[in-house]
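Trainee: What follows is a single structure, and I will ask about it in a moment.
The values are calculated or read from the model by the stated rules, or taken from the named source; none is laboratory data. Computed from a predicted model, the values in this text were never measured in an experiment. Note: ideal-geometry Cβ built from the backbone for every residue, glycine included; neighbour counts use all protein chains shown.
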Amino acid sequence: MELAGKSVLVTGASSGIGKAIAIAFAQKHARVLVHYGKNKSGGRETLDRVEKFSSGRLYQADLMDRDQIRALFEEVKQTDQTIDVLVNNAGDARAGDIQDDQVWEYEYKNIFLSAMHVTEEFLVLPSSGLRKIINVTSIYGNLHTGDPEYLQYSAFKAALANVTATLNRTTAPNVIVNAVAPGYTETPAWVGASKESMETHARATLTGRFVRAEEVAHAVIFIAENDALVGQVLTLDGGTTLKGMP
Ligand SMILES: NC(=O)c1ccc[n+]([C@@H]2O[C@H](COP(=O)([O-])OP(=O)(O)OC[C@H]3O[C@@H](n4cnc5c(N)ncnc54)[C@H](OP(=O)(O)O)[C@@H]3O)[C@@H](O)[C@H]2O)c1
């Protein structure tokens, strides 16, 4: 897929990985629909960066609210008409074990159902030609590298990875779905972590450092541009899976 002139929606683009993805698409001269939830100033900052290279627009919605997703897509139909590439990036990792019903409920909606609802709206947009979905999962969503301290998050990222493959059976060749599974990636999501925890996670790689958000964004661009890749989950973890989880 040639990205110049295409329209790309990046969810959770007000921060971290989503912000880097939005800027990377703009550098390819795609128009970027910058979605944010609560962090309006973060969304604005991303849009400013996007507009240095191409054009864009800010969209707000709490993706755990079905009506707000509907409203976002109504706005897209009025202003941008359609979307060529959807990046389901938004997500919030909450710790929880098997007994934490509130976390099961929260992560189901935040990590999984939100992405399904956004995907559902994306699929029925008017289109002519190839379109793509790229989901942001996690190494925790890969089969043998889930984190028991993030049981729900791991489970619903795994569900997202499963849908990434299965959906293609009904959407291809018009819509192709793939995913990236980042390992420990330096973003504001880690702001509350202790120095010791940061060092432990950096050591739990073969590269000795966190993955950079720009490296994940680079992989998303590769997936968007390469039309032979279908239903794949591309893991970028600096070798954590090979080394063994900390
Ligand atoms: N950082 C890592 O180590 C890592 C590793 C593997 C996978 N990931 C995944 O990568 C993605 C991005 O993570 P990040 O590290 O960049 O985190 P981040 O900096 O905390 O950014 C998270 C983004 O998701 C948005 N978001 C979360 N819940 C939302 C909701 N209910 N409605 C709307 N927007 C919502 C936030 O929007 P607002 O702030 O505007 O509300 C924000 O833009 C997530 O899916 C995460 O699970 C991260």
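Trainee: When you go through Ala22, Ala13 one by one, which is the residue that is assigned to a loop (DSSP other than H, G, I, E, B) and buried (at least 20 other Cβ atoms within 10 Å of the Cβ)?
Mentor: Exactly one of Ala22, Ala13 is assigned to a loop (DSSP other than H, G, I, E, B) and buried (at least 20 other Cβ atoms within 10 Å of the Cβ), namely Ala13.
Trainee: Would you confirm whether any residue within the range 155-164 is within 16 Å of the ligand (Cβ to nearest atom) and farther than 19 Å from Val87 by Cα?
Mentor: yes
Trainee: Considering each of Leu130, Leu125 in turn, give the residue that is modelled with pLDDT of 95 or more, under 26 Å from Ile223 (Cα atoms) and out of contact with any helix residue (DSSP H, G or I) (no Cβ under 9 Å at 6 or more places or on another chain).
Mentor: Leu130
Trainee: Also, I was wondering about something else. Quickly run through the range 31-61 and pick out the residues that are in a loop (DSSP other than H, G, I, E, B), among the small types (Gly, Ala, Ser) and either more than 8 Å from the ligand (Cβ to nearest atom) or surrounded by fewer than 16 Cβ atoms within 10 Å (Cβ to Cβ) (or both).
Mentor: Of everything in the range 31-61, those that are in a loop (DSSP other than H, G, I, E, B), among the small types (Gly, Ala, Ser) and either more than 8 Å from the ligand (Cβ to nearest atom) or surrounded by fewer than 16 Cβ atoms within 10 Å (Cβ to Cβ) (or both) turn out to be Ser54, Ser55.
This table checks each residue for (1) in contact with a His (Cβ under 6 Å, 6 or more places away or on another chain); (2) surrounded by fewer than 20 Cβ atoms within 10 Å (Cβ to Cβ); (3) of a type in the set (S, T, N, Q).
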| position | (1), (2), (3) |
| --- | --- |
| Val136 | no, no, no |
| Leu143 | no, yes, no |
| Ser154 | no, no, yes |
| Gly183 | no, no, no |
| Glu186 | no, yes, no |
| Trp190 | no, yes, no |
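Trainee: Being over 22 Å from the mean Cα position of the chain (by Cα), surrounded by 12 or more Cβ atoms within 10 Å (Cβ to Cβ) and more than 18 Å from Ala90 (Cβ to Cβ): is that true of Thr200 here?
Mentor: yes
Trainee: Hey, another quick one. Would you mind stating whether Val85 is β-branched (Val, Ile, Thr) and either in contact (Cβ under 8 Å) with a residue 60 or more places away in the chain or more than 30 Å from Tyr184 (Cα to Cα) (or both)?
Mentor: yes
Trainee: Then there's this: Filter the range 95-119 down to residues that are among the charged types (D, E, K, R), farther than 22 Å from Lys40 by Cα and in contact (Cβ under 8 Å) with a residue 40 or more places away in the chain, then give me how many there are.
Mentor: 3
Trainee: Give all pairs with beta carbons closer than 7 Å in which a residue from the range 171-186 that is more than 14 Å from Phe122 (Cβ to Cβ) and outside any strand (DSSP E or B) meets a residue that is within 10 Å of the ligand (Cβ to nearest atom) and of a type outside the set (Ser, Thr, Tyr); count only pairs at least 6 apart in sequence or on separate chains.
Mentor: These pairs meet every condition: Gly183/Ile139; Gly183/Val211; Gly183/Leu236; Gly183/Asp237; Tyr184/His201; Tyr184/Phe210; Tyr184/Val211.
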